[in-house]
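The values are calculated or read from the model by the stated rules, or taken from the named source; none is laboratory data. Everything numeric here is computed off the predicted structure, so don't read it as measured data. When we count neighbours, we look across all protein chains shown, and the Cβ atoms used for this are built from the backbone with ideal geometry, even at glycine. Note: accessible area is taken over every heavy atom of the protein model, side chains too, but ligands, DNA and RNA are not part of it. Shrake-Rupley method; radii C 1.70, N 1.55, O 1.52, S 1.80 Å.
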Amino acid sequence: MAMEFELKFQATQDQMEAVAAAFPGTEQVIRMQTTYFDTPSRSLSRRHITCRTRLENDVAVCTVKTPAQNGARGEWETEEADIGQALETLCRMGCPRQVQELAAEGLEPICGARFTRRARIIEFPGGTAELALDRGILLGGGKQAPLAEIELELKSGQIGDLVVFGSWFASKFGLIPQKKSKFRRALDLATGV
């Protein structure tokens, strides 16, 4: 199982540019169009399971994320356009079979996001992280909301070291932690929360 641990921060355009200038390096620009899926009874989101398809510069990728310890998430992904067909592959990769069993009720698109990611790998004391600057919109329930955030995703090292670095990072750039994932914020938009 791949484990994902990331820190998210709300950001203005000026804050994003200040961060980009402070961490120069080779930048990858990725256009992302995400659709999140759940069952009609919302059995996946109630268990904090995320199923999505995402076009990443026109490459289709299906992903499942599940809760793990210490704020981390289990994450499995495969290049596939159809989330229903991808679930069998993802389960062979180690995704819990429970996801496929729950999805047997049927999957429907419930919300989404469109954004551009500017990403680069940075070093911090004790490891490396992907620094992602995301700008775009969240979509749900026929509504949209602006999306502007910075992510630090652990690539090597310990979670605790990234947390320490993230605290310094937020203080240096005046960033406010974002506690909800893109999926949760788009779902809130869709449900009117």
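Per-structure values
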{"quantity": "For segment 25-73, fraction of C-alpha pairs farther apart than 14 Å, in %", "calculated": "61 percent"}
{"quantity": "Accessible surface, 1.4 Å probe, highest first, among residues ARG47, ARG54", "calculated": "ARG47, ARG54"}
{"quantity": "Sulfur and carbon atoms: percent of accessible area, the chain [1.4 Å]", "calculated": "51 percent"}
{"quantity": "Estimated distance in nm for a label pair at THR191 and GLN69, the labels positioned 7 Å out from Cα along Cα-to-Cβ", "calculated": "2.8 nm"}
{"quantity": "Stokes-Einstein D for segment 133-193, Kirkwood Rh over Cα pairs, 4 °C, 1.567 mPa s (µm²/s)", "calculated": "98 µm²/s"}
{"quantity": "Accessible surface, segment 1-151, averaged per residue in Å² (probe 1.4 Å)", "calculated": "48 Å²"}
{"quantity": "Per residue Cα convex hull volume in Å³ - calculated over segment 91-193", "calculated": "147 Å³"}
{"quantity": "Mean Cα-pair separation over length for the chain, i.e. relative contact order, pairs under 8 Å, 6 or more apart, %", "calculated": "27 percent"}
{"quantity": "Computed label-point distance, nm, for sites TRP168 and ARG31 using a 7 Å Cα→Cβ extension", "calculated": "3.8 nm"}
{"quantity": "Local electrostatic count at ARG73 - Lys and Arg +1, Asp and Glu -1, tallied over other residues with Cβ under 9 Å", "calculated": "-2"}
{"quantity": "Area accessible to solvent at SER41, 1.4 Å probe radius, in Å²", "calculated": "50 Å²"}
{"quantity": "Helix-only CD estimate at 222 nm, as mean residue ellipticity for the chain, using -39500 (n - 2.57) per DSSP H run (n ≥ 4)", "calculated": "-8500 deg cm²/dmol"}
{"quantity": "For segment 77-151: rounded, prolate or oblate by the Cα gyration tensor [a/c cutoff 1.5]", "calculated": "oblate"}
{"quantity": "Label-point separation, GLN13 to LYS180 (7 Å along Cα→Cβ), nm", "calculated": "2.5 nm"}
{"quantity": "Listed values (i) 53, 37, 29; (ii) 41, 38, 33; (iii) 47, 35, 30, entry calculated as Cα extents along the principal axes in Å", "calculated": "(iii)"}
{"quantity": "Long pairs among LYS143/LYS179; LYS65/LYS172; LYS8/LYS180; LYS8/LYS172; LYS8/LYS143, criterion Cα-Cα beyond 19 Å", "calculated": "LYS143/LYS179; LYS65/LYS172; LYS8/LYS143"}
{"quantity": "Gained length - GLU105 relative to ALA2, 0.36 nm times residue gap less alpha-carbon distance", "calculated": "34.5 nm"}
{"quantity": "Extension reserve of the ILE137-ASP82 stretch, reckoned as 0.36 nm per residue once the Cα distance is removed", "calculated": "17.5 nm"}
{"quantity": "Ratio of the Cα radius of gyration of segment 1-98 to 2.2 N^0.38 Å, where N counts its residues", "calculated": "1.26"}
